[in-house]
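Reading through the structure tokens given below for one structure.
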Amino acid sequence: MPTGTNGALLTSLRQNYLEALVSGSGRAADTVVETALDADLKAQQIYLDIFQPSAYDIGRLWQANRVSVAQEHVATAIIERQMGELYAYFKPRRSFKPRSSAKPPTIVLGCVPDEWHRVGVRMVSDFFEAAGWQVHYLGANVPVPALVGMVRETSADMVGLSAEMLFNLPRVSELVRSLDEVGLGGIPVIAGGMPFIEQPELWAALSLHGSAGDAAAAVATAERVLNLHQAKARPEPAAAAALRSYREELVLAATNRCLAAGDPADRALLQAGFSYAVRMLEATLNAGTPAPLSGQAAWATERQPHDGVSPEQLLSRCAHLYVVLGEIIPAVEAQQAQAYLDYLTRETAQRAGIEEE
């Protein structure tokens, strides 16, 4: 964020905007945007310095149980409405053409399956349009076959994916594999979302072509990639492949163990939790580091107790998952997955102040 007078103005505007979102006042939020425009701030700067950080702040407040799900949804609706009102400011200002083409490039943008946080990728879409790209924005929760079909139909030059939640990272890898399977593996894929912000090197570990922390950086990354386009394919780690292959068996076995041990949760809730856990392990094994699981440990100790799930219950469930990993998947791959699960367990216990046995 700029310093000096402009920086002080932006700080004030951002604070007032966040207060408007928390209170659910679209009119107060409108006043902030109008003040910003009157101060000659560009719409792009409003996106990057007011909308984006405020959206992340709302997410953090929700995780800490300081705003409700309803408040979060109202805040998202306010941001999306105002983005629509500012869309006219994003008319193409130039026409980017990669070195290998005489026409503007085409990009297909969307959230991976089960990812409903679409504000970020919507911002990215507007920035690409302003940069002169042909944009096909598909929104939230895009089925892989639909996205692949759009890539083929539009002869896209690039694909941009959004995965805000760690447990949705395997969906990114699924899309890359699907493109390969239908002969579209030569199309570059970039991605964004909180896991890529927290782990800037994650894109390379997932055999992507780049990632970015905001919409402006996404455009710059895409243009660099198209001009260079040097794919660095990386085979899927055996442990991640094993988790993907045995996911349903692992979820069922861990759920049954919990219920047999007297876990009070119902079967559907346990199955959903173990499905997320296995997918998160798969994602971090693909990334080659357990570090992203620290965010999940924070989630476990900050948010889930407000949803009626204590850290002690989560640690007990992790112990059951640890056992079934050793029972179901091959020994070497099981040890690797168990090591990552140990990392999550230690982080959760430390954050919760629980001494490990």
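Just so it is clear, none of the values below were taken in a lab; they were calculated from the coordinates. Remember, it's a predicted structure, so these values are computed and weren't measured experimentally. Neighbour counts are summed over all protein chains in view; Cβ atoms, including those assigned to glycine, are modelled from backbone coordinates with ideal geometry.
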Most exposed first, judged by fewest Cβ atoms within 10 angstrom, S211, S275, S25, S155 run S155, S25, S275, S211
For the chain, calculate the relative contact order in percent as a whole number, restricting contacts to Cα pairs under 8 Å that are 6 or more residues apart. 12 percent
Charge-dipole axis of the stretch 4-88 as Lys and Arg at +1 and Asp and Glu at -1 on Cβ define it, positive-most pick from N65, S23, S54: N65
Run the numbers for A70 and V309: contour at 0.36 nm per residue of separation, minus the present Cα-Cα distance, in nm. 84.0 nm
Return the loop-located trypsin sites (Lys or Arg not before Pro) in the stretch 291-347 (DSSP other than H, G, I, E, B) with at most 16 other Cβ atoms within 10 Å of their own Cβ; answer none if there are none. R303
With contacts defined as alpha carbon pairs under 8 Å and 6 or more residues apart, what's the relative contact order of the stretch 198-357 in percent? 25 percent
For L37 and A220, what does the FRET efficiency come to when R0 = 25 Å and r is the distance between their Cβ atoms, rounded to the nearest 0.05? 0.50
Helix-only [θ]222 nm of the chain, DSSP H runs n ≥ 4, -39500 (n - 2.57) each, per residue, nearest 500: -19500 deg cm²/dmol
Using bins 5 angstrom wide from zero, how does P(r) for the stretch 206-269 break down, in % of all Cα pairs? 3, 14, 13, 11, 10, 9, 10, 10, 10, 7, 3, 0
Calculate the dipole size of the stretch 4-88 relative to its Cα centre from +1 charges on Lys and Arg beta carbons and -1 charges on Asp and Glu beta carbons; express the result in debye to the nearest 20. 240 debye
Run through the DSSP bridge list for the chain and note the antiparallel percent, rounded to the nearest 5. 0 percent
Rounded to the nearest whole Å³, what is the per residue volume of the convex hull around the Cα atoms of the stretch 238-352? 82 Å³
Cleavage-rule hits (GluC sites (Glu not before Pro)) in the stretch 173-232: DSSP loop, at most 14 neighbouring Cβ within 10 angstrom: E201
Note down the nm distance, to one decimal, between modelled labels 7 Å out along Cα→Cβ at E327 and at D114. 2.2 nm
Per DSSP, the loop-located chymotrypsin sites (Phe, Trp or Tyr not before Pro) within the stretch 106-149 having at most 12 other beta carbons within 10 Å are W116
Dipole of the stretch 238-352 [Lys/Arg +1, Asp/Glu -1 at C-beta], most positive-end residue of T348, Y322, A291: A291
Mind checking the angle between helix 144-154 and the chain's longest principal axis? C-alpha axes, 0 to 90 degrees, to the nearest 10. 30 degrees
Of the listed values [x] -0.66, -1.28; [y] -0.48, -1.48; [z] -0.55, -1.31, grab the one calculated as log10 I(q)/I(0) by the Debye sum over Cα atoms at q = 0.09, 0.15 Å⁻¹ from the structure here. [z]
Expressed as an acute angle from 0 to 90° and rounded to the nearest 10, what is the orientation of the C-alpha long axis of helix 267-287 relative to the principal long axis of the chain? 70 degrees
Given C-alpha coordinates of the stretch 4-88, what is the ratio Rg to Rh with the Kirkwood estimate of Rh? 0.96
Relative to the chain, whose Cα atoms define the longest principal axis, helix 119-130 and its Cα axis are tilted in degrees, nearest 10, by 30 degrees
